[in-house]
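Notes follow the structure.
Read-outs: derived from the displayed coordinates by stated rules, not from any lab. Values in this document were obtained by computation on a predicted structure and should not be read as measured data. Glycine also receives a Cβ, built like all others from the backbone with ideal geometry; neighbour counts cover every protein chain displayed.
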Amino acid sequence: MKLPYFQVDAFANRSFTGNPAGVCPLRDWLPDELLQKIAMENNLSETAFVVKRAEQWDLRWFTPAIEVDLCGHATLATAFVLHLEDPKLENPVRFSSRSGILSVAREKDLFILDFPSRPAQPVPCPDGMIAGLECKPAAVFKARNYLAVYECEEEVRSLKPNFAQIAELDTQGVIVTAPGAKVDFVSRYFAPKVGVPEDPVTGSAHCTLIPYWAERLGKSQLHALQVSKRGGELFCEAAGERVKIGGRALLYSRAEIEFDTKL
């Protein structure tokens, strides 16, 4: 079997930054086991698979280990590829996903995700978090993931996490964040439990980061950096029960993958 395949740097202003995502447009769905094997072979934090329907697109995301219910950078990458292949594509483009209907609007070179807001609630620091992060946070919150808040950007940048310890926590991953020196806030995201020790830039984490920082800073428009090794820039907006997450993307490769369908 042969499939078109694109690799895109999402939330990137230049090549070799942002978060690489694989995008596989399909005519129809393949078996889940095969989709998971393709994602494992690609070995990126996420591979997106997309199928055209009458009014929208069906969209799914796989890490090398599991299917996830929401992924920002691979959604941005998918919208980028669809616009690349069809300059007359509807704008915004609408996706049906495990997290409901998601849309991505294109404004020149910026792609703006419309995602659900996932506010976090304060919780005690769980057993294992300090050992996992090797630096005690100033406060801890919890939504789908833990949110560990630090006092300054340098603390976030200097973390050297123990991934085995973090994988033992009772959430998919841990978001760490602090006020930014030149932006509103910075973050990193660790998810070794799902095969992603550190994700370069995590759109879905900002579903929790945006409501937290919007409330703390008293503003709805926010400028953010994810300060992983590759790094990424995000333009954010709190919009009630939704969040807007904007970023740029660059094509890294356009290819055809070929494989034996015997599983």
Charge dipole of region 121-242 about the Cα centre (unit charges at C-beta), most positive-ward option of Ala138, Gly231, Ile210: Gly231
Dipole magnitude of the chain about its Cα centre (Cβ charges: Lys, Arg +1; Asp, Glu -1), debye to nearest 20: 360 debye
Sites Lys142 and Glu168, calculated FRET efficiency, Cβ-Cβ separation with R0 22 Å, nearest 0.05: 0.90
In range of the label at Tyr252: residues from region 6-30 whose backbone nitrogen is under 13 Å from the point 7 Å along Cα→Cβ: 6-23
Set of aspartates and glutamates near Lys52 by C-alpha distance (under 20 Å), chain-local residues within fewer than 8 positions excluded: Asp28, Asp32, Glu67, Asp69, Glu85, Asp86, Glu90, Asp114, Glu256
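Under the 0.36 nm per residue contour assumption, what length would be gained going from the current alpha-carbon distance of Met1 and Ile130 to full extension?
Here the answer is 41.7 nm.
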Ordering of 245-258, 193-206, 170-183 by packing [mean C-beta count within 10 Å, highest first]: 193-206, 170-183, 245-258
Estimated FRET transfer efficiency (His223, Lys88; beta-carbon r; R0 35 Å; 0.05): 0.65
FRET efficiency estimate (nearest 0.05) - Cβ-Cβ, Arg53 to Val183, R0 35 angstrom: 0.40
24 Å Cα-Cα threshold exceeded, pairs from Lys37/Lys142; Lys193/Lys229; Lys136/Lys229; Lys193/Lys219; Lys160/Lys193: Lys37/Lys142; Lys193/Lys219
Helical mean residue ellipticity (222 nm; -39500 (n - 2.57) per DSSP H run of 4+; nearest 500) of the chain: -5500 deg cm²/dmol
Pair Ser15, Glu241: separation of 7 Å Cα→Cβ label points (nm): 4.4 nm
Per DSSP, loop trypsin sites (Lys or Arg not before Pro) in region 60-98 with at most 10 further Cβ within 10 Å: Lys88
